[in-house]
1. Name the one entry in Ile43, Ile29, Ile55 that is in contact with a helix residue (DSSP H, G or I) (Cβ under 8 Å, 6 or more places away or on another chain), touching a residue at least 60 places away in the same chain (Cβ under 8 Å) and not in a helix (DSSP H, G or I).
2. For the stretch 281-323, which positions are among the small types (Gly, Ala, Ser) and either over 26 Å from Asn119 (Cβ atoms) or touching a residue at least 60 places away in the same chain (Cβ under 8 Å) (or both)?
3. Which of the residues belonging to the stretch 86-107 are more than 13 Å from Ala180 (Cα to Cα), of a type in the set (A, V, I, L, M) and touching a residue at least 24 places away in the same chain (Cβ under 8 Å)?
4. So how many residues does the stretch 63-90 have that are open to solvent by 40 Å² or more (accessible area, probe 1.4 Å), part of a loop (DSSP other than H, G, I, E, B) and not charged (D, E, K, R)?
5. Counting only residues that are of a type in the set (A, V, I, L, M, F, W, C), surrounded by 13 or more Cβ atoms within 10 Å (Cβ to Cβ) and either in a strand (DSSP E or B) or modelled with pLDDT under 60 (or both), how many does the stretch 189-224 have?
6. Residue under question is Gly320, and the condition is that it be within 27 Å of Gly10 (Cβ to Cβ) and buried (at least 19 other Cβ atoms within 10 Å of the Cβ); does it hold?
7. May I ask you to list pairs of residues, at least six apart or on different chains, whose Cβ atoms are under 8 Å apart, with the first in the stretch 138-152 being farther than 14 Å from Asn298 by Cα and the second being of a type in the set (Asp, Glu)?
8. Suppose we filter Ser249, Ser285 for residues that are at pLDDT 85 or above, open to solvent by 20 Å² or more (accessible area, probe 1.4 Å) and more than 19 Å from Asp321 (Cα to Cα); which single one remains?
Amino acid sequence: MSELRACLTGVTAHLPERWVPMAEREAQIAAASPDFVPPPGLITQLTGVEGVHLIADDQQASDLAASAARKLLAECGTRPEDIDLMMFAAASQDMLEPATSHIVAAKLGLNCPVFDVKNACNSVLNAIELTQALIASGRYRRVLIACGEAPSLTSPLCVPDAASFVRAFPSYGFSDAGAAMLWTAEEGTDRGVLGSRFAAESTAWASASVPFGGTARRGQTGVDAGHFRMDSTRMRESMNTLFHTRVLSLLDELGLTAADFAFVGIHQVALADLDAVCGGDFGVSREQLVLTLPRHGNVASASLPLQLSRALESGLAHPGDLVALTGLAAGSSAGLTVIRL
């Protein structure tokens with residue numbers, strides 16, 4: 001029997017209607033902070049983010065995921081009853097219980113096994129690796145990955161001082177989005193997921209966190225409990241080291257170089273970070289990238305499917321092309337997946 005591979009049938013993204021320019025976001029911070037005013041233009045200058053999408057007050061992460069998945073199933077001509085397995089892959093969630101995948105499945109009318117995959121901004125990339133493993137085992141033939149991210153809710157608008165602003169700074173580029181990917185089992189094909197490689201340096205977990213919502217912060221209701229905070233230097237060093245020393249070797253094992261890819265997706269937090277990931281032994285050119293960060297912000301784990309959908313829509317990538325998806329996430333972790341479309 002030939003090897004079974006997970007082949008990409010379709011990918012799409014859903015962006016909330018409300019888009020807020022960064023100048024308005026800065027005004028919101030200033031209005032909510034009695035003793036602090038963010039320097040005008042600094043967030044865009046240091047991140048490259050010009051504005052962010054914000055989830056509506058009556059929406060949940062599951063709504064963003066369901067909207068993207070509903071659109072994808074319609075585009076692919078796939079009925080809900082045709083799905084064998086659905087994973088909700090995101091850093092965000094509707095509530096502690098139940099798994100958000102059940103809420104998404106109910107909204108889509110699915111009647112298949114479901115579960116959540118959660119690993120910060122690598123959630124979707126980890127779900128792709130799981131999809132390949134489960135399809136290769138013969139257990140499932142049609143797998144839906146649905147993602148709903150609302151990281152903007154962790155951005156503190158009330159900032160007491162400059163030090164607090166610095167700790168929360170990366171969060172002001174957080175933007176909300178949904179995404180969906182449909183994968184189908186194919187036998188004896190050169191298409192599909194060709195390989196994945198992941199690495200983690202978990203001792204760096206405290207460098208980026210949202211403390212609220214778990215047992216470690218029970219009983220605490222301080223202003224920072226539900227807000228993102230980060231040691232940017234420590235996190236960047238950890239993720240870049242992981243990628244270049246432990247993840248990039250996958251290309252050598254597959255006999256590939258950066259020049260073989262029509263498109264390379266890289267999780268986008270700040271434009272300056274792309275130079276660190278692209279430079280050196282990776283050698284990816286800006287022409288192989290789709291820059292979603294300026295207009296759409298940091299949409300957490302929805303970033304890679306958003307970029308891939310844009311690459312397909314723009315003609316940068318076509319069926320039969322090789323693409324690479326590169327993930328960097330709090331925790332910290334790094335990942336690389338190679339796919340032939």
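1. Ile55
2. If the condition is that a residue be among the small types (Gly, Ala, Ser) and either over 26 Å from Asn119 (Cβ atoms) or touching a residue at least 60 places away in the same chain (Cβ under 8 Å) (or both), then Gly283, Ser285, Gly297, Ala300, Ser301, Ala302, Ser303, Ser309, Ser314, Gly315, Gly320 are the ones that fit.
3. Within the stretch 86-107, Ala91, Leu96, Ile103 qualify.
4. 1
5. 6
6. No, not satisfied.
7. Pairs that qualify, where the first residue is farther than 14 Å from Asn298 by Cα and the partner is of a type in the set (Asp, Glu), are Tyr140/Asp84; Arg141/Asp84; Arg142/Asp82; Arg142/Asp84; Val143/Asp84.
8. Residue meeting the stated conditions: Ser249.
The values are calculated or read from the model by the stated rules, or taken from the named source; none is laboratory data. Quick caveat, the model's predicted, so the values are computed rather than measured. Note: ideal-geometry Cβ built from the backbone for every residue, glycine included; neighbour counts use all protein chains shown. Side chains included, ligands, DNA and RNA excluded: accessible areas come from the protein's heavy atoms. Shrake-Rupley method; radii C 1.70, N 1.55, O 1.52, S 1.80 Å.
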